[in-house]
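Trainee: Take this structure first; my questions come after.
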Amino acid sequence: MFDLTLTFDNGPEPDVTPRVLDILRERGIKTSFFVIGEKLGDPVRRGLASRAHDEGHWIGNHTFTHTVPLGQQTDATTARNEIGRTQAAIGDLAHAKRWFRPFGGGGNLDDRLLKPSVVDYLTANKHSCVLWNAIPRDWDDPEGWTNRALGQCRSQPWSLMVLHDLPTGAMNHLDRFIDRASEAGARFRQDFPPDCVPIRSGEIVLPVQAYVSNIEESVTP
């Protein structure tokens, strides 16, 4: 037996997210969707985030543009532009814990994720920073990711898995993965392993130094 928390990054996408939501609803699984802020400017995508929220999923913040990892951006306004604008776009769909997930340019857990001013912003604005401990690279291997994902789940007692509701074809295999994981003894849950949430409601509860760069920042005129 093992615990498994599924999360979906980089959406919503009209050609993918509805089917993901259908599969989760059919199987009674609640998850989290970490959305891209600029995508919520599209009414259709905003409607998908609203549907996910209404069906009991948590809506989290995954930056506004998802271009350069925050720890590699030199602009002092990075946090406000990437996190603040997305939180405003999420609006009343936001969870009380104000979930935020950084990105490392390919699933990396290193100092590309954050920088000191971003940490300061997260703590000042009572965000919770959600990382991960399972990333089967579904975007890189749309056909074969399910075997890797199952192996990751079996290797630890509680996996917080990153998947992507993007039009790569990977989510065509989501239902098969869920069924295989269930047969292998997965217990699906919505909450996050404590060791994957180093900042909770603005409080640093676990060391974050490994995820924080010391990049020099510049102030844009």
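Trainee: Just the residues that are in contact with a Leu (Cβ under 6 Å, 6 or more places away or on another chain) and of a type outside the set (S, T, N, Q), please, taken from the range 156-179.
Mentor: Met161
Every residue, every condition in (1) surrounded by fewer than 20 Cβ atoms within 10 Å (Cβ to Cβ); (2) touching a residue at least 24 places away in the same chain (Cβ under 8 Å); (3) assigned to a helix (DSSP H, G or I), yes or no:
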residue	(1), (2), (3)
Glu143	yes, yes, no
Cys153	no, yes, yes
Gln156	yes, yes, no
Ser159	no, yes, no
Val162	no, yes, no
Pro167	yes, yes, no
Ile178	no, yes, yes
Ala181	no, yes, yes
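Trainee: Give Thr17, Thr31 a once-over and let me know the one that is modelled with pLDDT of 95 or more, under 12 Å from the mean Cα position of the chain (by Cα) and of a type outside the set (Phe, Trp, Tyr).
Mentor: On the way: Thr17 fails: under 12 Å from the mean Cα position of the chain (by Cα).
Of Thr17, Thr31, the one residue that is modelled with pLDDT of 95 or more, under 12 Å from the mean Cα position of the chain (by Cα) and of a type outside the set (Phe, Trp, Tyr) is Thr31.
Trainee: Any residue in the range 1-27 that's on the phi < 0 side of the Ramachandran plot: show its pairings with residues that are of a type in the set (Val, Ile, Thr) and part of a helix (DSSP H, G or I) at Cβ separation under 6 Å, as long as the two are six or more apart or on different chains.
Mentor: Gly11/Thr17; Pro14/Val44; Arg27/Ile178
Trainee: On to the next question. So, Leu113, is that one among the aliphatic types (A, V, I, L, M) and surrounded by fewer than 22 Cβ atoms within 10 Å (Cβ to Cβ) or not?
Mentor: Criteria not met by Leu113.
Trainee: Taking the range 44-77 as the search range and keeping residues that are hydrophobic (A, V, I, L, M, F, W, C) and under 22 Å from Glu216 (Cα atoms), which one is surrounded by the most Cβ atoms within 10 Å (Cβ to Cβ)? Break it down stepwise before answering.
Mentor: Applying the first criterion (hydrophobic (A, V, I, L, M, F, W, C)) to the range 44-77 yields 44, 48-49, 52, 58-59, 64, 68, 70, 76.
This time we only want the ones that are under 22 Å from Glu216 (Cα atoms), so: 64, 68, 70, 76.
Working: Phe64: 23, Val68: 16, Leu70: 25, Ala76: 14.
For the range 44-77, the residue satisfying everything is Leu70.
Trainee: While we're here: Looking at the range 104-116, which of its residues are touching a residue at least 60 places away in the same chain (Cβ under 8 Å) and either in a loop (DSSP other than H, G, I, E, B) or acidic (Asp, Glu) (or both)?
Mentor: Once the filter is applied, which keeps residues that are touching a residue at least 60 places away in the same chain (Cβ under 8 Å) and either in a loop (DSSP other than H, G, I, E, B) or acidic (Asp, Glu) (or both), the range 104-116 yields Leu109, Asp110, Asp111, Arg112, Leu113, Lys115.
Trainee: While we're looking at this one, here's another question. Among (1) crowded, with 18+ Cβ neighbours inside 10 Å; (2) over 14 Å from the mean Cα position of the chain (by Cα); (3) on the phi > 0 side of the Ramachandran plot, there is one condition Val119 misses while meeting the rest; what is its number?
Mentor: Evaluating Val119 over (1) crowded, with 18+ Cβ neighbours inside 10 Å; (2) over 14 Å from the mean Cα position of the chain (by Cα); (3) on the phi > 0 side of the Ramachandran plot leaves (3) as the failure.
Trainee: Exactly one of (1) under 17 Å from His164 (Cβ atoms); (2) touching a Leu at 6+ places or on another chain (Cβ under 7 Å); (3) of a type outside the set (A, V, I, L, M, F, W, C) is unmet by Thr65. Its number?
Mentor: Failed condition: (2).
The values are calculated or read from the model by the stated rules, or taken from the named source; none is laboratory data. All values reported here derive from a predicted model rather than from experimental measurement. A quick note on method: Cβ atoms are made from the backbone with ideal geometry, for glycine too, and the neighbour counts reach across all protein chains shown.
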